[in-house]
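Okay, structure first, notes after.
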Amino acid sequence: MAAAWFNALADPRRARAVSAGTQPADRVHPEVVEAMREAGIDVSDARPRRLTDTVAAGAALLVTMGCGEACPVVPGLRRDDWPVPDPKGQALERVRAIRDDVRRRVERLVDEEGWR
């Protein structure tokens, strides 16, 4: 959700997001696909990828969502952890609340960094 929001809200000439996780699923969970579709963003074709040291090293900022010790450590890389609940298996109403929280966080980040 965060990468999809980021790529929808940020100026692609300034920044782009890559979605990756320490234990990625083989697909985006259906409840997330539905909640994002309601917001006008189609993530049905998105494929989760593994967050590796190489992926992290290519970033200007690594935003994590609770991966703790499992996250790669890259010296000098700015990092921010957002305490966002995992939407997997949640009721659609709860996933909508998570979606909206993630959007607010992404909007704030994009504005603070001047990436609009």
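The values are calculated or read from the model by the stated rules, or taken from the named source; none is laboratory data. Please read all numbers here as calculations on a predicted model, not as lab measurements. Please note: Cβ atoms are built from the backbone with ideal geometry, for glycine as well, and neighbour counts cover all protein chains shown. Areas reflect the complete protein model, heavy atoms only, side chains present, ligands, DNA and RNA absent. Shrake-Rupley method; radii C 1.70, N 1.55, O 1.52, S 1.80 Å.
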For the list (1) within 15 Å of Ala17 (Cα to Cα); (2) surrounded by fewer than 17 Cβ atoms within 10 Å (Cβ to Cβ), I need the number of the one condition that Arg105 fails.
(2)
Cross-chain or 6+ apart pairs with Cβ under 6 Å, the range 56-81 first and touching a residue at least 40 places away in the same chain (Cβ under 8 Å), then outside any loop (DSSP other than H, G, I, E, B) and surrounded by 14 or more Cβ atoms within 10 Å (Cβ to Cβ)
Cys71/Thr64
Can you pull out every residue in the range 21-30 that is open to solvent by less than 70 Å² (accessible area, probe 1.4 Å) and either of a type in the set (S, T, N, Q) or within 13 Å of Glu107 (Cβ to Cβ) (or both)?
Thr22
Filtered residues of the range 1-51 (kept if of a type in the set (S, T, N, Q) and either under 13 Å from Arg99 (Cβ atoms) or in contact (Cβ under 8 Å) with a residue 24 or more places away in the chain (or both))
Ser19, Thr22, Gln23
Taking Pro72, is it under 14 Å from the mean Cα position of the chain (by Cα) and within 18 Å of Thr22 (Cβ to Cβ)?
no
Exactly one of Val73, Val110, Val84, Val33 is open to solvent by 80 Å² or more (accessible area, probe 1.4 Å) and of a type in the set (A, V, I, L, M), and that one is Val73
Here are some conditions: (1) hydrophobic (A, V, I, L, M, F, W, C); (2) open to solvent by less than 70 Å² (accessible area, probe 1.4 Å); (3) at pLDDT 90 or above. Ala60 meets all but one. Which one does it not meet?
(2)
Quick one: Asp53 ticks every box in (1) on the phi < 0 side of the Ramachandran plot; (2) within 16 Å of the chain's Cα centre (by Cα) bar one, so which box is it?
(2)
Quickly run through the range 1-20 and pick out the residues that are more than 24 Å from Cys71 (Cα to Cα), of a type outside the set (D, E, K, R), assigned to a loop (DSSP other than H, G, I, E, B) and open to solvent by less than 40 Å² (accessible area, probe 1.4 Å).
Ala10
